[in-house]
Amino acid sequence: MDKETLRREAEALRTLYQRLRQTLSSVIVGQEEPLHFLTLSLFGRGHALLIGPPGVAKTLMVSSLAQAMGLTFHRIQFTPDLMPADILGTEVLQIDPETGQRYFRFMPGPVFAHIILADEINRASPKTQSALLEAMQERSVSISGQTHPLPDPFFVLATQNPIEQEGTYPLPEAQLDRFMFAIFVGYPSRDEEIEVVKRTTAVWEPSIEPMLSAEKIIHLQKLIRQMPVADNVVRYAVDLARSTRPQESKDTFIKENVSWGVGPRAAQFLLLAAKAHALLSGKYSPDVEDVQYVAVPVLRHRMVLSYQAEAEGISPEKIIRYLMEQKVPVV
């Protein structure tokens, strides 16, 4: 893509993004940063995990974004008795009324939609959680030896309550690694909470008109991947990811506090997210600052901390910011 075409496409995308944020603000009060990262995940063709207490509009954010994007949307409430077939679908025995011949017909599950809201995903058993792995990675589902493609684009936006731990299951590391972002959704400010209460205790019927389509989103995803990136930015993203690995680091702080660092998929998501953020910020190529902006939500859920770090209250966020403060990541 030549520079002039990229410039025109980028300006059209930024105008569209501003309209999108204005539309969503009529429904959602505050939560600017979580909404921004959610949008980056959709444009970057990645999945996202929303972590926050009840009542902070996690579900509303996902459903409103799906409406604005003009995409099909299914919500799956994860519970301990949920089975993989409840998500993926199953084959049902049917009889042809004319011939009397029996045959199996595949009945698609709720995973067959553009956007899937996996609500309270950590309440389901690991077997059910792992049923999403193929869908998240391959954008397809295999049932009885047959592969069924999922709609394109396809996103899993999951929510998780960090307060309750009884009756929950930790997400497998392989599944966590498939999420582009782990987005923390906090409580609103006092003024924002006052506005929320005013809206929701009055006659309030918000509506969102679709602004995009599946075809347009696929086009924007390709546009982001076509952005040029300087070699030093690519090296920085790779070095930042590698510097989290105690097996390769010479830094004592990392060796003592990290058991397992992030894998190669983290560097891929760092670069994709940095591209999307740069484009929405008015740049035509990402720089190191863009990588640093997206580093915390991209990396924090992929690291396994040591017992010492957990005992001393050292968080993944602290480790990531420590690495970014170094002039050159230590590898």
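The values are calculated or read from the model by the stated rules, or taken from the named source; none is laboratory data. Keep in mind that what you see is a predicted model, and the values were worked out from it rather than measured. Glycine gets a Cβ as well: all are built from the backbone with ideal geometry, and neighbour counts include every protein chain shown.
So which residues in region 16-41 are in a helix (DSSP H, G or I), under 26 Å from Glu205 (Cα atoms) and polar (S, T, N, Q), if there are any at all?
If the condition is that a residue be in a helix (DSSP H, G or I), under 26 Å from Glu205 (Cα atoms) and polar (S, T, N, Q), then Gln18, Gln22, Thr23, Ser25, Thr39 are the ones that fit.
Go through (1) free of Cβ contacts under 8 Å to residues at least 24 places away in the same chain; (2) more than 18 Å from the chain's Cα centre (by Cα) and name the single condition Val233 misses.
Evaluating Val233 over (1) free of Cβ contacts under 8 Å to residues at least 24 places away in the same chain; (2) more than 18 Å from the chain's Cα centre (by Cα) leaves (1) as the failure.
Do the conditions hold for Gln326, that is, is it of a type outside the set (Asp, Glu) and either surrounded by fewer than 15 Cβ atoms within 10 Å (Cβ to Cβ) or in contact (Cβ under 8 Å) with a residue 40 or more places away in the chain (or both)?
When the stated conditions are applied, Gln326 passes them.
Can you tell me which residues in region 26-72 are within 26 Å of Ser125 (Cβ to Cβ), touching a Ser or Thr at 6+ places or on another chain (Cβ under 6 Å) and either without any contact (Cβ under 8 Å) to a residue 60 or more places away in the chain or of a type outside the set (Lys, Arg) (or both)?
Ala48, Leu50
Test each condition in (1) of a type in the set (Val, Ile, Thr); (2) surrounded by 13 or more Cβ atoms within 10 Å (Cβ to Cβ); (3) at pLDDT 85 or above for Val197 and report the one that comes out false.
Exception for Val197: condition (2).
Filter region 94-122 for residues that are more than 30 Å from Leu212 (Cβ to Cβ) and among the hydrophobic types (A, V, I, L, M, F, W, C); which is nearest to the chain's Cα centre (by Cα)?
Phe104
Just to be sure, is Leu212 assigned to a loop (DSSP other than H, G, I, E, B) and either more than 18 Å from Ile51 (Cα to Cα) or touching a strand residue (DSSP E or B) at 6+ places or on another chain (Cβ under 6 Å) (or both)?
Answer is yes for this residue.
Hey, does region 226-243 have a residue that's over 30 Å from Leu305 (Cβ atoms), buried (at least 18 other Cβ atoms within 10 Å of the Cβ) and not aromatic (Phe, Trp, Tyr)?
The answer is yes; a qualifying residue exists.
Taking region 177-215 only, how many residues are in contact (Cβ under 8 Å) with a residue 24 or more places away in the chain, out of contact with any Ser or Thr (no Cβ under 8 Å at 6 or more places or on another chain), of a type in the set (A, V, I, L, M, F, W, C) and farther than 27 Å from Glu138 by Cα?
2
Can you tell me which residues in region 174-204 are farther than 29 Å from His47 by Cα and assigned to a loop (DSSP other than H, G, I, E, B)?
Thr201, Ala202, Val203, Trp204
With a cut-off of at least 2 residues that are buried (at least 16 other Cβ atoms within 10 Å of the Cβ) and hydroxyl-bearing (Ser, Thr, Tyr), name the helices (runs of 4 or more DSSP H) lying wholly within region 42-149.
Fully inside region 42-149 and qualifying: 58-69.
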